[in-house]
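Engineer: Quick one: structure below, then a few questions.
The values are calculated or read from the model by the stated rules, or taken from the named source; none is laboratory data. Because the structure is a prediction, the values reported are computed rather than measured. When we count neighbours, we look across all protein chains shown, and the Cβ atoms used for this are built from the backbone with ideal geometry, even at glycine. All accessible areas refer to the heavy atoms of the entire protein, side chains included, with ligands and DNA or RNA removed. Shrake-Rupley method; radii C 1.70, N 1.55, O 1.52, S 1.80 Å.
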Amino acid sequence: MKNGKFVTLGIETSCDETAAAVTADGRTVLSDIISSQIDVHEAFGGVVPEIASRHHLTQINAVIGAALSEAEVTWRDIDLVGCTCGPGLVGAVLIGLSTAKAVAYAASKPFVGVHHIKGHVCASYLNTLNPDGLTELHAIRPPHLALVVSGGHTDLIDVRSYTEYKLLGSTRDDAAGEAFDKVARALGLGYPGGPKVDAIAAEGDPESVKFKRVYLEEGSLDFSFSGIKTGVLNYMNTERQAGRDVNACDVAAGFEASVVDVVAAKARAALRRTGYGKLTMGGGVAANSMLRARMEAVCAEESAELYVPPPVYCTDNAAMIACAAYYQYRADGPSPLGLDAYATLPLNEKF
Ligand code: KG4
Ligand code: ZN
């Protein structure tokens, strides 16, 4: 405890960000340290799992130290250590998880393992301190609908309480972010592709090159993005073989419009089905400008409130993990120190 507040240390290493953060009473971010490996993986055009693990190992202690010192707390102040235990690159998850368990044991603090996607949902609950040290509060609380769109996941979730989640729909093949990254590679934009596609799409005409929208069966809230990615690749090959120039901005805009149309339609259907007047967004693709603008329009039409966290809390971070850990610990208590790391993990698994 510090100043009567419950202090949580969160740790996240499930992909290519080594992150540690400290929150007070779950929601208030006291520090949020992220060491990104983008430069390391850029040369390979994507995340290399073995290299990611090795980098986590060299960075993790310094990142945790920086999170504690920036939050101006010591190990004595920490009430809980929470860490992503899956889903993710299992070797990468293991580095954060082993470290979290070790520091929790050494400092005699309780430990909880956190589902990474629950972290992305909890990113919408985070408050930051303004320059006067006062908390900027916002009122997002369950129940609500959550859309998590990241490099590994595309999920529509019925968030019934801070700890009860029901998956309404998810991708059957590629995640939305994966499609962005693959299309970016095809356009020669490099890694990570999402922000680059976002930037050039703003210069293009979304009507100029049309790609198929895949809605699946009537009433399904699932997604499929592998067809859109293939459609883009086929279009580019055909154009090049015919000796025509490919306008990358138009292709990016057309691709983005096809993803956004499908995601918006499914989110609208989920809002109607759950009857919730609130939608939160999370995951790296939630930073996408066309998606944000469209979701604002959809929510206005459905008289629903939309909350999208600032970009730094949309992509992987440990503040969202600390927040999820806090609510999970309050509801279910600590996890066993024997907890494993998981590449895949059902949303409702208790640990
Ligand atoms: O949530 P995140 O940091 O990591 C995962 O848990 O996957 O999401 C990373 C993904 C990448 O695929 C990246 O290309 C995508 O989010 N992304 C974007 C944007 N910013 C990041 N996609 C579209 N538009 C963006 N502005
Ligand atoms: Zn993520």
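Engineer: If you build a Gaussian network model of the chain, linking Cα atoms that sit under 10 Å apart, which residue out of V103, V81, V90 swings the most?
Structural biologist: V103
Engineer: Additional query: Whole number in Å², please: accessible area per residue of the range 144-308, 1.4 Å probe, ligands, DNA and RNA not counted.
Structural biologist: With the other protein chains kept in place, the range 144-308 gives 41 Å² per residue.
Engineer: For R160 and A43, FRET efficiency with R0 = 51 Å and r from the beta-carbon atoms, rounded to 0.05?
Structural biologist: 0.70
Engineer: Search the structure for amide H atoms under 5 Å from the amide H of R27, placed 1.01 Å from N in the peptide plane, and list their residues when 5 or more places away or on another chain.
Structural biologist: Counting only residues 5 or more places away or on other chains, the set is empty.
Engineer: Could you work out the relative contact order of the range 144-308? I mean the mean sequence separation of Cα pairs under 8 Å and 6+ apart, divided by the number of residues, in percent.
Structural biologist: 28
Engineer: In whole Å, how far is the Cα centre of the range 279-301 from that of the range 7-37?
Structural biologist: Comparing the Cα centres of the range 279-301 and the range 7-37, I get a distance of 24 Å.
Engineer: For the chain, which longest stretch is free of loop sites, where a loop site is one of the GluC sites (Glu not before Pro) that DSSP puts outside H, G, I, E and B and that has at most 13 other Cβ atoms within 10 Å?
Structural biologist: Segment 219-348 is the longest.
Engineer: Out of the range 155-263, which trypsin sites (Lys or Arg not before Pro) are coil in DSSP terms and have no more than 15 other C-beta atoms within 10 Å?
Structural biologist: The qualifying sites are R160, R172, K210, K212, R213, R244.
Engineer: What is the gain in length, in nm to one decimal, between T238 and R330 on full extension, counting 0.36 nm per residue of separation less the C-alpha to C-alpha distance?
Structural biologist: 27.5 nm
Engineer: Of the beta bridges DSSP finds with both residues in the chain, what % are antiparallel, to the nearest 5?
Structural biologist: Antiparallel bridges make up about 60 percent of those DSSP assigns within the chain.
Engineer: Can you list the cysteines of the chain that have no other Cys Cβ under 4.7 Å away?
Structural biologist: C15, C83, C85, C249, C299, C314
Engineer: Just tell me which aspartates and glutamates come within less than 14 Å, Cα to Cα, of K278; anything on the same chain fewer than 8 places away is out.
Structural biologist: The qualifying aspartates and glutamates are D158, E296, E301, E302, E305.
Engineer: For the range 8-163, what is the relative contact order in percent, using Cα pairs closer than 8 Å and at least 6 residues apart in sequence?
Structural biologist: With pairs under 8 Å counted, the relative contact order is 22 percent.
Engineer: May I pose another question? For a test of the definition: using alpha carbon positions, the gyration tensor, and the 1.5 limit on a/c, classify the range 144-308 as rounded, prolate or oblate.
Structural biologist: prolate
Engineer: Follow-up question, since we're still on this one. Straight distance only, please: which lysines reach the Cα of K212 with their own Cα at less than 18 Å, same-chain residues fewer than 8 apart left out?
Structural biologist: Within reach: K182, K229, K266.
Engineer: Taking the Cα centre as origin and putting +1 on Lys and Arg beta-carbons and -1 on Asp and Glu beta-carbons, what dipole magnitude results for the range 229-350, to the nearest 20 debye?
Structural biologist: So the dipole magnitude of the range 229-350 works out to roughly 240 debye.
Engineer: From the phi angles alone, apply the Karplus equation (6.51, -1.76, 1.60; θ = phi - 60°) to the range 6-13 and give each ³J(HN,Hα) in whole Hz, x where the residue is Gly or Pro.
Structural biologist: 7, 9, 10, 9, x, 9, 9, 9
Engineer: Follow-up question, since we're still on this one. Quote to one decimal, in nm, the extra length available between F6 and R76 on full extension: 0.36 nm per residue of separation minus the C-alpha distance between them.
Structural biologist: 24.0 nm
Engineer: Charges on Cβ only, +1 for Lys and Arg, -1 for Asp and Glu, centred on the Cα centroid of the range 221-305; of G231, A286, T274, which one is farthest towards the dipole's positive end?
Structural biologist: T274
Engineer: Once a ≥ b ≥ c are taken as the square roots of the eigenvalues of the Cα gyration tensor of the range 161-224, is the result rounded (a/c under 1.5), prolate (a/b larger than b/c) or oblate (a/b not larger than b/c)?
Structural biologist: It is prolate, given that a/c is not under 1.5 and a/b is the larger ratio.
Engineer: Would you mind checking which residues have amide H under 5 Å from K278's amide H? H placed 1.01 Å from N; only 5 or more apart, or other chain.
Structural biologist: For K278, the qualifying residues are L145, E305.
Engineer: Can you list the lysines whose alpha carbon is less than 29 Å from that of K101, not counting same-chain residues fewer than 8 positions off?
Structural biologist: By straight Cα distance, K101 reaches K2, K5, K109, K118, K166, K350.
Engineer: Kyte-Doolittle mean at least 0.0 and Cα extent at least 30 Å along the axis: which DSSP H helices of the chain qualify?
Structural biologist: Span-like helices in the chain: 49-71, 248-274.
Engineer: Roughly what percent of Cα-Cα pairs across the chain reach past 34 Å?
Structural biologist: 25
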